[in-house]
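To start, the structure under review is shown below, and the notes come after it.
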Amino acid sequence: MDHRTVVPFSYLHSVHNTKETSLKMKMKKKKSGTRTGILEKTRNGSGFVRSEYGDIYIDRSNIGGAMHGDRVRVDLLPPQFWGRNPEGIVDKILERGSREIVGTYHRGKRSDMVIPDDRRNSDNILVRRSASKSARDGDRVVCVITRYPGRKSLAEGRLTEIIARRGEVGGEIRAMIRAAGLKVRFPARCEADAAMKATQIITSEDIAGRRDLREKTIITIDGADSKDLDDAVSIDRLYNGNYLLGVHIADVSHYVSAGSPLDREAMCRGNSVYLLTQVIPMLPKSLSNGICSLFEGVDRLTLSCEMEIDRNGNIVNHDIYESVINNKARMVYDDVSDILEHRDEALIQRYQNICDSLLLMEELAEILREKRKRSGSIDFDFDEAYITLGEREIPVDISIAPRRTANRMIEEFMLAANKTIAEHFYQFEAPFVYRVHEKPDPAKIMELRQFLAGFGIDLRGNADNVHPAELNRILDLVHGKPEENIVSTVLLRSMTKAYYSTECAGHFGLAFHYYCHFTSPIRRYPDLIDHRIIKSFLRGSVPAGVLKKYRRSAEQAVEIASQTERQAQELERDVEKMKKAQYMKDHIGEIHDGIISGVTGFGIYVQLPNTVEGMIRLSDLNDDYYIFEAEKYRLIGERTRRIFALGDRITIEVLNANPDERQIDFGLAERDS
């Protein structure tokens, strides 16, 4: 059997004549079963129904009046009419996915339309002029559907909100936030409660029972633009030569009481979302950027985890307690890195009182990193984009975001604290929220092994029980080589996704048996829940009724936070893609060298050195008929045998960039000799 898949068209995908459509409608009477699921449409009007039995392809002629996001029942066509996926016909719309659409308003001579911003949604909405709410052509709007589409009729709606006028600065991001269903503003009651708490002075009653660390040299190290500073660090050399590392985290739970309106709002949001020009905080700014933030020179309530660490990186002792601190220096990553990497004289003079601490921190961080690496922890080092915005928030430069000594140092300290906290409270058998990363699926590892063989790399061990140390060895092998980023990407794709759980199942990627999120309660709700549980146990025995309440809260937090985390990550990626497309609009016609970062049945993804990624469409490869070999991550010419494989270097021309679609089109090019 030929295991290759010929693309881009399967039998049913490529032929859309009247005779075939009639045949497919007749096949309804000879259906091979029904399935239910959520319809995900594409811009060309076709779609897939995501069901528990797998994806079912629906040709545009068989979608009827179903819209993107609808829950539908599908009649399956007989298998002989399937292409690459099972195929079917929408039989019934069981539940509408949404009533509200965010899109761009277009005025026409005869009718007005709202074109959805969601590129997966091909259903334009007809809007009568009387229901247009004085919108102008090109405005970003919210439209409520008043009549859903039929098999031959468009949906109709009325405008309820104008998000941004055409060309308004930041309008695209505001529309994307609105489309994602995220709330920028807090309810008035929450704002008022937060504002009242933000004016509170730390009293002797607040400090009672806490360890007073206000005279200790404790500092924060964050990005220059960071405003929500929730972690601080300290270090000492002990008499026995060991290190005493202190990680001090803002005590947000002191200001956000369980079950309060503030708490319920924070739980619904799940996490803060960072979108280049703006932050959608989990808590009102009067808290997140105010009383909870560990500013320099002011007293702040904290929860501390002190760890005694020997010269081999072993945590030999630890102490967890409530505390009060006074930040001695608000440091930024670049300054600390310049001190540690370049011994910058001006900065050393400026921070002479804490330079010895910084040097000791660097020493300890390296020991912790080596210990983690020996244990098999995987250290992905991906290039991340740093987008510089100019006037009207238009990108003027895209470069690689530095991951310097100070960034890595703080990462090590936070990992150590999260691991220590998780292990401590696991031993208590307390209700808790853990961060879990399961081992990879054996089938994914088999695919990875086959891919690596193409680079002459042997992946050792059993696919069903691969050790993270072996994957780390692979990353070391390709470090500094042209294929490093691609191998890292494919290796990451073979991993499962980390998630929150009330069960402590370990973290495969970090090679930790115990792991949680403790260090960011300002911006992550699971951290806030764990802080409440920690404080209860620190204060004595916890009654059974309280434990039951915490267990219920932890289960609730796990469910909501996992969902909001995915939502935030998707929105952050979409905003970045949109800004990259904006940037590339000014670079159309340019020739660049890149590397093939993805191969699909419909084209080749190419990543440029600055992380911008675009696609060469299969339909634009006119020199041959190309066959997609999925298991080898490549396209191969039927006549020329020319190969486009993942990781290959390639020269492209920038053909087009569409910010609304978050899409960049490349074409093949040759360098002038």
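For this structure, a couple of remarks:
- All of D137, D225, D193 fail the test of being open to solvent by 30 Å² or more (accessible area, probe 1.4 Å), closer than 30 Å to F295 by Cβ and either free of Cβ contacts under 8 Å to residues at least 24 places away in the same chain or over 31 Å from the mean Cα position of the chain (by Cα) (or both), apart from D225.
- Among residues of the stretch 590-606, those that are within 11 Å of T651 (Cα to Cα) and crowded, with 18+ Cβ neighbours inside 10 Å, counted: 5
- When R210 is tested against the conditions (1) free of Cβ contacts under 8 Å to residues at least 12 places away in the same chain; (2) surrounded by 11 or more Cβ atoms within 10 Å (Cβ to Cβ); (3) under 13 Å from D299 (Cβ atoms); (4) not polar (S, T, N, Q), the lone failure is (1).
- Qualifying residue in the stretch 354-368 (condition: surrounded by 12 or more Cβ atoms within 10 Å (Cβ to Cβ), modelled with pLDDT under 95 and among the small types (G, A, S)): no
- Lone unmet requirement of (1) of a type in the set (A, V, I, L, M); (2) at negative phi; (3) at pLDDT below 95; (4) open to solvent by 20 Å² or more (accessible area, probe 1.4 Å) for L276: (2)
- Filtered residues of the stretch 105-123 (kept if open to solvent by 20 Å² or more (accessible area, probe 1.4 Å) and within 29 Å of the chain's Cα centre (by Cα)): I115, D117, D118, R119, R120, S122, D123
- Single match in K585, K535 (criterion: in a helix (DSSP H, G or I), basic (K, R) and in contact with a Leu (Cβ under 8 Å, 6 or more places away or on another chain)): K535
- Taken over the stretch 92-117, the criterion of being closer than 22 Å to R151 by Cβ and of a type in the set (V, I, T) is satisfied by I93, I101, V114, I115.
- With respect to (1) in contact with an Asp or Glu (Cβ under 8 Å, 6 or more places away or on another chain); (2) assigned to a loop (DSSP other than H, G, I, E, B); (3) open to solvent by 20 Å² or more (accessible area, probe 1.4 Å), the lone exception for P482 is condition (1).
- Single condition V247 does not satisfy, out of (1) in a loop (DSSP other than H, G, I, E, B); (2) closer than 19 Å to I522 by Cα: (1)
- For V169, the criteria (1) touching a residue at least 60 places away in the same chain (Cβ under 8 Å); (2) in contact with an Asp or Glu (Cβ under 6 Å, 6 or more places away or on another chain); (3) buried (at least 16 other Cβ atoms within 10 Å of the Cβ) hold in every case but one, which is (3).
- Residues that are part of a loop (DSSP other than H, G, I, E, B) and either among the small types (G, A, S) or over 22 Å from H248 (Cβ atoms) (or both) within the stretch 324-383 comprise R343, D344, Q352, G376, S377, I378, D379, F380, D381, F382, D383, listed in sequence order.
- Filtered residues of the stretch 614-629 (kept if polar (S, T, N, Q) and more than 32 Å from the chain's Cα centre (by Cα)): N622
- Matching residues, the stretch 384-406, being in a strand (DSSP E or B) and of a type outside the set (S, T, N, Q): A385, Y386, I387, L389, P395, V396, D397, I398, I400
- Residue check for L94: in a strand (DSSP E or B), over 29 Å from the mean Cα position of the chain (by Cα) and exposed (fewer than 15 other Cβ atoms within 10 Å of the Cβ): yes
- Within the stretch 47-64, if we keep just the residues that are open to solvent by 10 Å² or more (accessible area, probe 1.4 Å) and of a type outside the set (D, E, K, R), the residue that is nearest to K152 (Cα to Cα) turns out to be G64.
- The residues of the stretch 524-554 that are at pLDDT 95 or above and open to solvent by 30 Å² or more (accessible area, probe 1.4 Å) amount to a single one, R524.
- Check on A417, of a type in the set (G, A, S) and touching a residue at least 60 places away in the same chain (Cβ under 8 Å): yes
- A count restricted to the stretch 143-196 and to residues that are closer than 30 Å to S257 by Cβ, touching a Pro at 6+ places or on another chain (Cβ under 9 Å) and of a type in the set (D, E, K, R) stands at 3.
- Filtered residues of the stretch 452-466 (kept if assigned to a helix (DSSP H, G or I) and either among the small types (G, A, S) or open to solvent by less than 50 Å² (accessible area, probe 1.4 Å) (or both)): L452, A453, A463
- Failed criterion for R237 (all others in (1) within 30 Å of L358 (Cβ to Cβ); (2) open to solvent by 80 Å² or more (accessible area, probe 1.4 Å); (3) of a type outside the set (G, A, S); (4) modelled with pLDDT under 95 hold): (4)
- Pair list, Cβ under 6 Å, 6 or more apart: the stretch 610-626 residue among the hydroxyl-bearing types (S, T, Y), other residue open to solvent by less than 30 Å² (accessible area, probe 1.4 Å): T611/A385; Y626/L635; Y626/G637
Condition check ((1) assigned to a strand (DSSP E or B); (2) more than 30 Å from K444 (Cα to Cα)) across all residues:
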| site | (1), (2) |
| --- | --- |
| S619 | no, no |
| N622 | no, yes |
| I636 | yes, no |
| T640 | no, yes |
| N656 | yes, yes |
| G667 | yes, yes |
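The values are calculated or read from the model by the stated rules, or taken from the named source; none is laboratory data. It should be emphasised that the depicted structure is a prediction, and the values quoted were computed from it without experimental measurement. Positions of Cβ are generated from backbone atoms using ideal geometry, with glycine treated the same way; all protein chains shown enter the neighbour counts. The area values use the complete protein model at the heavy-atom level, side chains included, leaving out ligands, DNA and RNA. Shrake-Rupley method; radii C 1.70, N 1.55, O 1.52, S 1.80 Å.
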